[in-house]
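Chemist: Sharing a structure, written as structure tokens. Questions coming.
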Amino acid sequence: MSGSQINLEVENKFTKATIAIAIIAIVLGGVFGIIQVLTRTPNFPKLVGYDTYYLALTGHGVLMAIVFTTFYIMGISTYIVSRELKVNFSPRALWAAFALTLLGTVLAAIPILTGKANVLYTFYPPMKAHPLFYIGAAILVVGSWVYTFEVFRVFLKWRKQNPDVKIPVATFGILTTFIIWIIATPPVAVEVLLLLVPMSLFDVSVDVLLARTLFWWFGHPLVYFWLAPAIALWYYLVPKTLGVRLFSETMAKIAFILFIIASTPVGLHHQFVDPGVSPVLKFIHTLFTFTVATPSMLTAFNILATLERGGRVRGGKGLIGWIFKLPWSHLAFAGVIVPFLLFGNGGISGLVNASFQLNTVVHNTVWIVGHFHTTVGGAAALTFLAVTLLLIRELLGKELIAPKLALAGIYLWGIGQYIFSIGYYVAGVEGAPRRTAELTYGGMAPPSWIPWLQLGAIGAMVFWIGGVIIVAIIALSVLAGRPATLKPEEKLLTFNYTPVKNGNGGAVLDNMKLWVIVAIVLVIVGYMPPLIEIFGRGLSPAPPVLP
Ligand code: HAS
């Protein structure tokens, strides 16, 4: 059905089910998170032994970076696209995607939780996990593909009925998310199915450089799979909570287009220190990396300009007076602005990572951990949790049991992550490694690391408490929240879109086929040379080892 009003019963059920799984994942992942940060911090309580540390680290990475994000993004995408386009999703496709993604998650979780997959979320060979881990991961990806094609089908159906109507910005962001996903995931499926499943089942040796290159072909665009839905929510909610228009919808769409075309041919920036890939190719990926940083900076400008517009309509004067007029105590506003500010931190540290020379200083240090907790753990995860708080009222029809405490949780998360990242940035530059249970090296490590690692741990505890508060309020409001009485102006997540005809310039921006073709060409430019180099030299497979 499509048209002015559609029945959203199936879509709403799917959104509730997927976000419920996502919240369970972040709770489990959060338990692992606090265990690992306390255990690894010098002079802090060692909660677990080394083996369990790597079980927790694998569980934390997989549950947070893959399970929480994938389920949440499928849920919120369905909510947004069905409302903006007023086209129903196929119940069969939605529930098939849900079942496959959940099956894959459970199959991968069994070896993780039983300590038979301590390979971390990047599962680099030659370390090998139980076959179920890889088979589960592959099924999860297939489930997400089923969902991806359903999003495309809904969009194409809408496009056929509305050939010259502008694509609404939030839906444009969701399309961006899944175009990136469908371009980036085939290589990791090849790595898992053709290299890692045979390795785990039959001890087949694997060329490590080939496996890592296929993984990072997927691994960096993965971050924009996480980021694009969060940015789509920022573009929608920031102007909505301020009662103004987004500074520039055109700029927003250009940002999403740059994400589509430049987010994949960058993965070698995770392999700057890998031998076997020529510096020229690494440099080309660096150029693409700085290209894909541009849409985030466009987003920074677009959101900041919208904030200034919102502050000035509230009487803000002078260069910075408008900042103090913004509704900082408004839950929805805080829920998108704190992640945005965290992304200011995480994005800039990403540019350091991407700088070839600087990367040799920060690679495999806790600097990287500071970077990705303020990006996926800040920009994306906190946006998703904050929007979940809003959905309690607007989708479940229940009041939050303690909205002011939820607001405090959002700020605690933001402040804690800043403290965490600063501690880890400094310790990282001094050389403190990531992914290690032990950091003092039996007293031989530089003592200067210790206070910064401890500052990081204090920050982690602060943002962990913020997360516990937010998730507790979500759970208790679902269970015991009073029926919500929402005034029309309080309903923010309506995603009501009034069709607007496209002008010529707009039609180019909305030409998704063009951007997909450009993206695929750039992926070929970015990845054929390294693959030719790897295969041209001849593979050097390494026998698998247990972690
Ligand atoms: Fe990254 C490693 C480079 C963005 C996540 N990244 C990771 C890993 C994860 C991750 C999970 O070049 C670890 C993977 C592993 O386990 O090994 N990353 C970048 C670059 C960007 C970037 C250039 N990363 C992200 C996002 C993520 C994410 C987004 C998740 C959602 N990253 C790297 C590199 C590595 C890496 C290397 C490998 C390092 C190594 O050696 O292992 C860019 O897209 C960032 C662009 C963003 C900006 C900021 C825009 C600012 C905004 C807000 C402004 C706010 C203002 C107000 C102005 C340029 C939108 C206040 C301002 C303040 C400053 C407070």
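Chemist: Among M251, M444, which comes first, second and so on when ranked by fewest other beta-carbon atoms within 10 Å?
Modeler: In order of increasing Cβ crowding within 10 Å: M444, M251.
Chemist: Another one. From the residues L194, A305, P433, which one has its Cα farthest along the dipole of the chain in the positive direction, the dipole being from +1 and -1 charges on Cβ of Lys/Arg and Asp/Glu about the Cα centre?
Modeler: Result: A305.
Chemist: If the limit is 28 Å between Cα atoms, which of K317/K487; K160/K491; K325/K487; K16/K157; K128/K513 go over it? Display every interim value, and only then the final one.
Modeler: Working: K317/K487 31 Å; K160/K491 30 Å; K325/K487 23 Å; K16/K157 24 Å; K128/K513 39 Å.
Too far apart for the 28 Å limit: K317/K487; K160/K491; K128/K513.
Chemist: Now for a different question. At 27 angstrom or more along the helix axis (alpha-carbon based) and mean Kyte-Doolittle of 0.0 or higher, what helices does the chain contain? Whole DSSP H runs only.
Modeler: Details: long enough: 9-40 (46 Å, 1.22); 91-113 (32 Å, 1.70); 131-161 (46 Å, 0.78); 169-190 (33 Å, 1.94); 221-242 (31 Å, 1.14); 279-313 (51 Å, 0.77); 331-354 (34 Å, 1.63); 403-429 (39 Å, 1.04); 449-480 (45 Å, 2.09); 512-537 (37 Å, 1.74).
In the chain, the long hydrophobic H runs are 9-40, 91-113, 131-161, 169-190, 221-242, 279-313, 331-354, 403-429, 449-480, 512-537.
Chemist: Under Stokes-Einstein, with the Kirkwood radius over Cα pairs standing in for Rh, what whole-number D in µm²/s applies to segment 290-447 at 10 °C and 1.306 mPa s?
Modeler: Details: Rh = 17.6 Å.
In µm²/s, the coefficient rounds to 90.
Chemist: Sticking with this structure for a sec: Please work out whether segment 464-547 counts as rounded, prolate or oblate from its C-alpha gyration tensor, where a ≥ b ≥ c are the square roots of the eigenvalues and a/c under 1.5 means rounded, while otherwise a/b larger than b/c means prolate and anything else oblate?
Modeler: Verdict is oblate for segment 464-547.
Chemist: Further, regarding this structure: Could you give log10 I(q)/I(0) at q = 0.07, 0.08, 0.12 Å⁻¹ for segment 13-542, computed by the Debye formula over C-alpha point scatterers of equal weight, without solvent?
Modeler: Each listed q maps to, in turn, -0.37, -0.49, -1.19.
Chemist: Using the number of other C-beta atoms within 10 angstrom as an exposure proxy, rank L227, L242, L319 with the fewest first.
Modeler: L319, L242, L227
Chemist: Then there's this: Before rounding to the nearest 500, sum -39500 (n - 2.57) across all DSSP H runs of length at least 4 in the chain and divide by the residue total; then give [θ] at 222 nm in deg cm²/dmol. Please report the intermediate quantities before stating the final value.
Modeler: On the way: 20 runs with 376 residues, N = 547.
Computed ellipticity for the chain at 222 nm equals -23500 deg cm²/dmol.
Chemist: Considering the zone a paramagnetic label at V518 would reach in this model (a point 7 Å from Cα along the Cα-to-Cβ line), which residues of segment 179-202 have amide N under 16 Å from it?
Modeler: From segment 179-202, the list is 179-180.
Chemist: Assign one of three labels to segment 414-538, namely rounded, prolate or oblate, based on the Cα gyration tensor with a ≥ b ≥ c the square roots of its eigenvalues; rounded applies when a/c is under 1.5, prolate when it is not and a/b is larger than b/c, and oblate otherwise.
Modeler: Here segment 414-538 falls in the oblate category.
Chemist: Work out the length of the dipole vector of the chain about its Cα centre, built from +1 on the beta-carbon of each Lys and Arg and -1 on the beta-carbon of each Asp and Glu, and round it to the nearest 20 debye.
Modeler: Once rounded to the nearest 20, the dipole reads 1320 debye.
Chemist: Next question. In terms of modelled amide H atoms, which long-range or inter-chain residues lie less than 5 Å from the amide H of T365?
Modeler: Excluding prolines and chain starts, which carry no amide H, the hits are R434.
Chemist: Sort Y147, Y497, Y124, Y54 by Cβ crowding within 10 Å, fewest neighbours at the top.
Modeler: So the residues, fewest neighbours to most, are Y124, Y497, Y54, Y147.
Chemist: Taking Cα pairs under 8 Å and at least six residues apart, what relative contact order does the chain come out at, in percent?
Modeler: Contact order relative to length: 18 percent.
None of the figures in this text is laboratory data; all of them are computed from the coordinates on show. Predicted model, so just to flag it, every value in this text is computed and none were measured. Heads up, the Cβs are rebuilt from the backbone with ideal geometry, glycines too, and the neighbour counts pull from every protein chain shown.
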